[in-house]
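Input: a single structure, listed below in C-alpha cells.
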Amino acid sequence: MTRQQLLDLYFLEARARLIDVAAFLDRLDRAEGKADFRLEAFKRALGELQREGGERTDAVLRSLSDPTLEPIPAATTKAACGAWPGHA
Amino acid sequence: MRYIEPHAHMVSRVTDDYRDMLTAGCAAVCEPAFWAGFDRSSPRGFYDYFCQLTDYEPRRAAKFGLPHFCWLCINPKEAEDVKLAEEVIALIPQFLERPNVLGIGEIGLNKNSRNELQILERHVELAARHDQMILVHTPHLEDKLKGTKLILDALKADKRINPERVIIDHVEEHTVKLVLDAGFWAGMTLYPETKCTAARAVDILECYGAERLWLNSACDWGQSVPLAVPYAALEMRRRGHGREFVDRVIYGNPLRFLSQCPKFKLAEG
C-alpha cells in the first residue's frame, strides 16, 4: 500500500491512540502519590518513537523487556507487569 | 473463507463460541494444555484435565461437526513446583496415543526461572523420546525476549529436535526473527492488549513473509476474541492482500504444519 493509502486506513485510529497516551500521562500528572518504575519505563519507550527507519516497534518492545540472559532463581509471581524494573 | 484455529482454550469458552467459529469458516480447532487460572492441587487434577481434552471436549466440538485436537503438558505457570510437574509429566505418555493428541504443548517459560527451565527440558526430552511434535508458549510482556532466547537455546541443545516440527508461539516484532532464523515455525497470537493486534500481525507477515507463520486467537478465560483469526483475515483484505494469500496464512500454513502429525486429518471439502 502507498503511504497515502495507509494514512487513509490508519490515521484516525493512530490519532485516537496517541491522544489516549497523552490523556494517560496527564491523568498521572494530576494524581497524587509516587509512581513506580513503570512510568519511567513508559517515558523511555516513548523516546523510541523518534527513531527513523522502521524499527520503532522492535525498539519499544526491547526497551520494556528484561535484557538479562540468566534464568532467575525462582518465580515468585505468575504475572508480568509490562516493564522491567531493573532499568530503574 | 476457511481457517484453522491452531491455538484455542475451548474448555474456557461457551458452546456459542463453537457455533460462531463454525459460522466464520473454522475447519478445525487445536487446544494446547494450559493454566486454569489457579494452581491444581495434585496430579489427579491434571489427569482429569487430560481426559477432558482428549475425550469430553472433542465430543462437544463434534456436535458442531468441528474436529478438535489437543496438545498435552503441564503449563510453565505451574512448573515452579518441580515435584508436581514431574508427576504430571509421568502421566502424559498414557494419553499420547489418543486420536486427537498432536504432541507436547504448550510448554515453555513464564517468568524464566531455573525450575521452569528444568521442566521445559523434561518436556523436550519427553517429546523427543516419543517422537512428538512440540508447541511452545513464550512468556508475557517484559519476559518474552529473554524467555524466547532461553527456549531457543534449550531446543537447539537437543539434537533430536527437528525445528520444522516445533512451533514457537506468541512471537512479536522483537522475537519473530530469532525464531524463524533458527528454523522453527512461529505463531502470532491476536490479543486486544498483551500480544499482537491484527494490524501488527499483518505488518509482521509483510516484513517476514508467510512461509512459516500462523495466526491464532489463543482464546481462553481472559480478555481474548474467539474470532480473532477471521478478523485478522479481514485486516489482510483491507491491506490489499488477495484471497489466496489470506487462505495460505489462516488455513494452508496451519494445515501444513499440523499435518506432520498423521492424526491431523480434515474431512474433504
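The values are calculated or read from the model by the stated rules, or taken from the named source; none is laboratory data. All values derive from a computational prediction rather than experimental measurement. Counting neighbours? That spans all protein chains shown, and the Cβs are built from the backbone with ideal geometry, glycine included.
Observations
- Where residue B:195 falls short, out of the listed (1) at pLDDT 95 or above; (2) within 16 Å of the chain's Cα centre (by Cα): (1)
- Residues in the range B:62-108 that are among the small types (Gly, Ala, Ser) and touching a helix residue (DSSP H, G or I) at 6+ places or on another chain (Cβ under 6 Å): B:79, B:85, B:108.
- Output for the range B:37-52, where each listed residue is closer than 17 Å to residue B:221 by Cα and either without any contact (Cβ under 8 Å) to a residue 60 or more places away in the chain or assigned to a helix (DSSP H, G or I) (or both): B:38, B:39, B:40, B:49, B:52
- When B:206, B:211 are screened for being more than 15 Å from residue B:25 (Cβ to Cβ), within 14 Å of chain A (Cβ to nearest Cβ), among the acidic types (Asp, Glu) and free of Cβ contacts under 8 Å to residues at least 60 places away in the same chain, only B:206 passes.
- One residue from B:74, B:168 being under 29 Å from residue B:26 (Cβ atoms) and more than 14 Å from chain A (Cβ to nearest Cβ): B:168
- Given (1) away from chain A (no Cβ under 14 Å); (2) at pLDDT below 95, number of the condition residue B:184 does not satisfy: (2)
- Residue in the range B:157-166 that is under 20 Å from residue B:78 (Cα atoms), surrounded by 21 or more Cβ atoms within 10 Å (Cβ to Cβ) and out of contact with any Asp or Glu (no Cβ under 9 Å at 6 or more places or on another chain) present: no
- In the range A:45-83, the residues that are surrounded by 15 or more Cβ atoms within 10 Å (Cβ to Cβ), of a type in the set (Lys, Arg) and more than 7 Å from every other protein chain (Cβ to nearest Cβ): A:56
- Among (1) within 28 Å of residue B:115 (Cβ to Cβ); (2) at the interface with another protein chain (Cβ under 9 Å from one of its Cβ atoms) - the single one residue A:36 does not satisfy: (2)
- The range B:123-140, residues that are away from every other protein chain (no Cβ under 14 Å) and surrounded by 20 or more Cβ atoms within 10 Å (Cβ to Cβ): B:123, B:124, B:126, B:127, B:132, B:133, B:134, B:135, B:136
- Considering B:91, B:22, B:72, B:66, the condition of being touching a Cys at 6+ places or on another chain (Cβ under 8 Å) and not charged (D, E, K, R) is satisfied by B:66 alone.
- Only a single criterion out of (1) at pLDDT below 95; (2) surrounded by 15 or more Cβ atoms within 10 Å (Cβ to Cβ) is not satisfied by residue B:65, namely (2).
- For the range B:5-55, the set of residues classified as in contact with a Lys or Arg (Cβ under 7 Å, 6 or more places away or on another chain) and within 14 Å of chain A (Cβ to nearest Cβ) consists of B:35 only.
- Across the range B:29-44, the qualifying residues are those that are buried (at least 23 other Cβ atoms within 10 Å of the Cβ) and out of contact with any Cys (no Cβ under 8 Å at 6 or more places or on another chain), and the one among them that is nearest to residue B:169 (Cα to Cα) is B:34.
- Being surrounded by 24 or more Cβ atoms within 10 Å (Cβ to Cβ), of a type in the set (Val, Ile, Thr) and not in a strand (DSSP E or B) is a property that holds for residue B:119.
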